[in-house]
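Visitor: This structure is in structure tokens; I'll ask about it shortly.
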């Protein structure tokens, strides 16, 4: 017995050291992967900020025009028009919300679950930072101002003659295109347990509108509101990009509660937004699914799986994620050409093919 112990014990410290190094190496590899993705998303947000600052997106220009015209047509709506004009800039809640979400990403994941959560968050923010996708997200601001104008400003990307479900009889529900978007408000429980929409900041203006009977002032409850189909970019396409993981989880839970009460959540519209924007979102979704499968195989069911990964494949993947980054300067603002997303060449080619067009969200 003593002889056997004398043989085994000297190897125990070495065995423990090797085990710790292997597990630590895997964790470092996961953290390095997240840090690379973080840097890429950060660069893409800088690119988007530059385009917003220099008003290079078509719908930014339309928002500016509509805000000015709405103020002239309906001076009582000046404050909300100015708020929406700001939201189409780099100082607005849409862009600033992406920055806040990026800063909350865990860049030092310690296990597979944390790694996947960080990766999914970065995927979502990267998609939202795509100028084509962000341009489409501004449709909700444009159509809100068109609604407030009483028909004097045209709606964009809404089929002519369509019966928008945001109209109850003759009355418009003010801010209908923005309801549900966490950048503008949130659902809160009322005394009866229902989920009631409440606006943030200047957008509380919508709950106070009367307009001589033009606007419906009834409370907006989740169950009744979301059981009717309506045109809204956030509701149809933007949940996965402009909502956080927490927001999406809350929506899933509310929909489950709706069904238990006999309500069925309305299906999204399939043709809202630009063709390029829908194609871009589809590309991201497919690439995200492919990468999820890849990471599942690479890291397996525990943290030690990463040490068995093929180093050649890993090196090639990292190269495709982060190649082609370029920066330049201008007299007004730093500019960075949008490089590929960290999904690889598919999203990059799509971005290049549309970069020459400014007609992202036409009527």
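Just so it is clear, none of the values below were taken in a lab; they were calculated from the coordinates. Please read all numbers here as calculations on a predicted model, not as lab measurements. Please note: Cβ atoms are built from the backbone with ideal geometry, for glycine as well, and neighbour counts cover all protein chains shown.
Visitor: Based on other C-beta atoms within 10 Å, arrange 248, 280 from fewest to most. Display every interim value, and only then the final one.
Guide: Details: 248 14, 280 25.
Least crowded to most crowded, the residues run 248, 280.
Visitor: What list do you get for 115, 77, 134, 205 if you sort them by fewest beta carbons within 10 Å? The partial results should precede the final answer.
Guide: Working: 115 23, 77 20, 134 26, 205 17.
Going from least to most buried by this count: 205, 77, 115, 134.
Visitor: Continuing with the same structure: Counting other beta carbons within 10 Å of each Cβ, put 214, 258 in order, fewest first. Walk me through the intermediate numbers first.
Guide: Details: 214 14, 258 18.
If I rank by nearby Cβ atoms, fewest first, I get 214, 258.
Visitor: If only Cα atoms are counted, what is the Rg of the range 172-235, and what is its Dmax, in Å?
Guide: When restricted to the Cα atoms of the range 172-235, Rg and Dmax are 11.5, 31 Å.
Visitor: What do the square roots of 5 times the Cα gyration tensor eigenvalues come to for the range 222-265, in whole Å, largest first, as semi-axes of the equivalent ellipsoid? Don't skip to the end; give the middle numbers.
Guide: On the way: eigenvalues 68, 39, 6 Å².
Calculated on Cα positions only, the semi-axes equal 18, 14, 6 Å.
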